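Before any comments, here is the structure.
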């Protein structure tokens, strides 16, 4: 009898990419390669490779260049068990034992790897009755919850480029976090209905501080910290012509009502309004209620004109993680399968919580670094339990792992699929091979072994 | 020595494609195909399935459903409240867990189709920009063969080619786009209307001759030209049409005009129930059935086929590439709303709804669907669908079968719906009861033929060995919701509702020929307006799981 794991032949990962182009022993140029550093997933990078080293990355931004140029084939062993070099097979065996011996194993990370690898990781979670969570739970998880509450009116980034004439950036700093977003998608492009590019657009920033993004705006609203919710509801009221108390609005948001009214007038006058929002909204007081207010505002605006909203996703394939976890389980993150079927409950099944409460007793961490960025109780718990880490780089998380796999880097060494922040799937064209296995390879091997052990 | 044969012995066989109507027959299978019995009487089958007193049919074919891709996945994300209380899909040693509700997870979708005796399903509305996503989900949708229709009714290149009156260019583009997405046939959804939705607040078109601003074409031209191109490419299936004005009172005139616009071209009108309404413009008080008028036209025009889009009472999730429709429904039901516009290609709207038998409109929708089945003279051109999950779940097919085969059951249900249904539709007068032979046609043989799948929907030599074996039962819901055995590609995948061997299933696609020089033209336009690179757009063959090309005749 075949197992679910056996339905996905491992060799497929090796053939899934685009054509890497003609091979030249001196220098190879791979055109239209994809940068997976951030959620923009720019797929127009021409990279030059010489002796397994990237020497040029045409059109890449400062972050993308760092991503490509700082990539060196890591000469660490592909597997370390308790800090000592081991074979991948030994690592897989130990990993499978840890996961099948555990009572409350968690799988976490997943936003910087291919969808092909994500699919296998969720499969492991299913087989072992584990809890699957992604980095979404610590970035746009609240937006996902708001989505469940009210829906979302959105579009692909090409629609923003071709139609958007009023662009609002709320609680984010794309000038530094997504450097090509302005030029490629949201502000500069000369689109079908905005032929003069930037001149045809009004750019508005709303944030608690004047970042580099604020300088690129036509209007900037420096609101009081922790007042996003009040600001958004002020706009919702103004959209519907409901009278609001000017003094209270000023006190709450730090902005004169007249300025909010002016913004609302512009929003109604726009032909195609766009709100792009970041973690300044989702990870501050109000969290999913902030996101819900913003999604609702965008929805409301469609009574007057066309308006869309879009979260600015950070990691290269965090959107893929949301998609994969959803299509396999029905829920986007924070999914527990210990009862033999998926259940969703953020706060209960999200990894920072299962660790901090001391519930998780083993972990499989893929392309993430909770040892560097989780709370102290969560880190202490991780330190105390056996866990497996997969990462191309040496990190605080890999250093404390029971089993650490050094894996090939997606997009640079590994083909596959990633999902841009607007859910558009994009193919990877790797530059050169790695001596390390891919996440997909390691996870597939673990999946086969845990399936055997669970029989 | 192993003969490699599987024999289904002595079943009561229904194979309408060969005129076989409930005859006792043996079926021989080898290497995934139905074959002639071995000429050497000494050859013994490796396995014999005793089908005595059981009903044997080809595997079911769902030619219009929404089961994969960005729209379906967004709907999954949006409906957690349905899943917690829904049936649980538990993992087993050979199967994956999942969630149900109106939008099941991928593995659950595959198991549930197979468990119900369906072995092939086509997703009806995929923006080609998201084709990779669909192929990924399909690989995680086990047991069934799959394919999808490619959204083109609001595609900018399509409209531009029509405006320029360049049918050659249009035809080449359609062929290129199908090949790039690895899709099956062009789908037209609210032609022109979705583009206007992107341009204007509450924008839409309301008739076939309205101008689509910026592109200078009409919905009528889009229907006519794409249908023509599809026929000249000799695609196995016709153009697949979701006409303008879906769900609006009085829309039957638009539907009839759409049919007339097709002229001699082949055309499939999907979820026709939603397009068969009489009444004043947007006036629900005058809402009534015009099924009979449309049936008459379809009966007289063999180039036309339809699937019904039956409505069932209860909660579900509407999902459509018809962006303005999604907005309309979310306002009408005061529900949460998802909308996503895909650059250059399409829109998308999702809204949860509940069909109530106390509502006149919903009751009429239910009745109009049944009228279509019961009035149509030629079952080969009327296909069972719920437009899953728009009218209801695909899991309602057994209930629909009972409604069609069992007049008493139907009349009982009619008593519970809004009483005005009797005045505003003819359902109360219809006494027809479907036979098993006719059910076999509208659930497998007909859709397979309409799709141009020569290896599906029949049990003759050369057919894919996709076979469903049912235990006869007067309660047709029971009979059809729990087949005794389901065989897919010659492998027993389900026995009495339990998954035995979860095969991945094939991906069915077309690869029509086109003049390659069009690619220069397309790439120039593409690089100007798309947000991804032209080279990264087409899905290569090695990306697909188990691909099978369906040839253009």
Filtering segment B:347-381 for residues that are more than 14 Å from residue B:289 (Cα to Cα) and touching a helix residue (DSSP H, G or I) at 6+ places or on another chain (Cβ under 6 Å) leaves a count of 13
I'd like to verify a number: residues in segment B:455-496 that are over 12 Å from residue B:118 (Cα atoms), assigned to a loop (DSSP other than H, G, I, E, B) and touching a helix residue (DSSP H, G or I) at 6+ places or on another chain (Cβ under 6 Å), how many? 3
Contacts under 8 angstrom Cβ, first residue in segment A:156-177 being within 14 Å of chain B (Cβ to nearest Cβ) and more than 18 Å from residue A:267 (Cα to Cα), partner at pLDDT 95 or above and in a helix (DSSP H, G or I), 6 or more apart: A:156/B:129; A:157/A:184; A:157/A:185; A:157/A:186; A:158/A:185; A:158/B:529
Scope segment A:339-369; condition touching a strand residue (DSSP E or B) at 6+ places or on another chain (Cβ under 8 Å), touching a residue at least 60 places away in the same chain (Cβ under 8 Å) and more than 14 Å from chain B (Cβ to nearest Cβ); matching residues: A:351, A:354, A:355, A:360, A:361, A:362, A:363, A:364, A:365, A:366, A:367, A:368
For residue B:449, work out the one condition from (1) at pLDDT 95 or above; (2) within 19 Å of residue B:141 (Cβ to Cβ) it doesn't fulfil. (2)
Quick check on my filter: what residues within segment A:178-209 are in a helix (DSSP H, G or I), surrounded by fewer than 24 Cβ atoms within 10 Å (Cβ to Cβ) and facing chain B (nearest Cβ under 8 Å)? A:184
Can we say residue B:105 is within 14 Å of chain A (Cβ to nearest Cβ), farther than 27 Å from residue B:552 by Cβ, touching a strand residue (DSSP E or B) at 6+ places or on another chain (Cβ under 9 Å) and surrounded by fewer than 24 Cβ atoms within 10 Å (Cβ to Cβ)? no
I'm trying to understand the selection: among the residues of segment B:142-158, which are farther than 23 Å from residue A:420 by Cα and either surrounded by fewer than 24 Cβ atoms within 10 Å (Cβ to Cβ) or within 12 Å of another protein chain (Cβ to nearest Cβ) (or both)? B:142, B:143, B:157
Can residue B:280 be described as under 30 Å from residue B:177 (Cα atoms), touching a helix residue (DSSP H, G or I) at 6+ places or on another chain (Cβ under 7 Å) and in a loop (DSSP other than H, G, I, E, B)? no
Please state which one of B:527, B:501, B:495 is free of Cβ contacts under 8 Å to residues at least 60 places away in the same chain and in contact with a strand residue (DSSP E or B) (Cβ under 6 Å, 6 or more places away or on another chain). B:495
Those residues of segment B:508-526 which are assigned to a helix (DSSP H, G or I) and either surrounded by 14 or more Cβ atoms within 10 Å (Cβ to Cβ) or within 9 Å of chain A (Cβ to nearest Cβ) (or both), in sequence order: B:518, B:519, B:521, B:522, B:523, B:525, B:526
Restricting to segment B:78-100, give me the number of residues that are surrounded by fewer than 24 Cβ atoms within 10 Å (Cβ to Cβ), free of Cβ contacts under 8 Å to residues at least 12 places away in the same chain and in contact with a helix residue (DSSP H, G or I) (Cβ under 7 Å, 6 or more places away or on another chain). 2
When you scan segment A:146-173, how many residues do you find that are more than 29 Å from residue B:215 (Cβ to Cβ), surrounded by 22 or more Cβ atoms within 10 Å (Cβ to Cβ) and out of contact with any strand residue (DSSP E or B) (no Cβ under 7 Å at 6 or more places or on another chain)? 2
Can you find a residue in segment B:169-188 that is in contact (Cβ under 8 Å) with a residue 24 or more places away in the chain, surrounded by fewer than 24 Cβ atoms within 10 Å (Cβ to Cβ), away from every other protein chain (no Cβ under 14 Å) and over 21 Å from residue B:126 (Cβ atoms)? yes
State whether the residues of segment B:235-244 include one that is over 19 Å from the mean Cα position of the chain (by Cα) and buried (at least 24 other Cβ atoms within 10 Å of the Cβ). no
Considering segment A:231-251 alone, what residues qualify as being without any contact (Cβ under 8 Å) to a residue 60 or more places away in the chain and either closer than 18 Å to residue A:204 by Cα or buried (at least 19 other Cβ atoms within 10 Å of the Cβ) (or both)? A:231, A:234, A:238, A:249
Residues located in segment B:527-539, provided they are more than 7 Å from chain A (Cβ to nearest Cβ) and in contact with a helix residue (DSSP H, G or I) (Cβ under 9 Å, 6 or more places away or on another chain): B:527, B:534, B:537, B:538, B:539
How many of the residues in segment A:60-112 are surrounded by fewer than 18 Cβ atoms within 10 Å (Cβ to Cβ) and on the phi > 0 side of the Ramachandran plot? 2
Please enumerate the residues belonging to segment B:320-356 that are under 14 Å from residue A:299 (Cα atoms), more than 9 Å from chain A (Cβ to nearest Cβ) and in a strand (DSSP E or B). B:349
Quick one: residue A:372 ticks every box in (1) in contact with a strand residue (DSSP E or B) (Cβ under 6 Å, 6 or more places away or on another chain); (2) outside any loop (DSSP other than H, G, I, E, B) bar one, so which box is it? (1)
Taking the conditions exactly as written (within 14 Å of chain B (Cβ to nearest Cβ), within 30 Å of residue A:156 (Cα to Cα), touching a strand residue (DSSP E or B) at 6+ places or on another chain (Cβ under 9 Å) and without any contact (Cβ under 8 Å) to a residue 40 or more places away in the chain), does residue A:319 satisfy them or not? no
If only one of B:360, B:374 is within 20 Å of residue B:333 (Cα to Cα) and touching a residue at least 24 places away in the same chain (Cβ under 8 Å), which one is it? B:360
Please verify whether segment B:120-134 includes one or more residues that are crowded, with 24+ Cβ neighbours inside 10 Å, touching a residue at least 12 places away in the same chain (Cβ under 8 Å), over 30 Å from residue B:221 (Cβ atoms) and out of contact with any helix residue (DSSP H, G or I) (no Cβ under 8 Å at 6 or more places or on another chain). no
Of the listed residues (A:441, A:391, A:361), the one being modelled with pLDDT of 95 or more and in contact with a helix residue (DSSP H, G or I) (Cβ under 6 Å, 6 or more places away or on another chain) is A:391
For the list (1) buried (at least 24 other Cβ atoms within 10 Å of the Cβ); (2) closer than 30 Å to residue A:144 by Cβ; (3) in contact (Cβ under 8 Å) with a residue 24 or more places away in the chain, I need the number of the one condition that residue B:60 fails. (2)
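The values are calculated or read from the model by the stated rules, or taken from the named source; none is laboratory data. Quick caveat, the model's predicted, so the values are computed rather than measured. Counting neighbours? That spans all protein chains shown, and the Cβs are built from the backbone with ideal geometry, glycine included.
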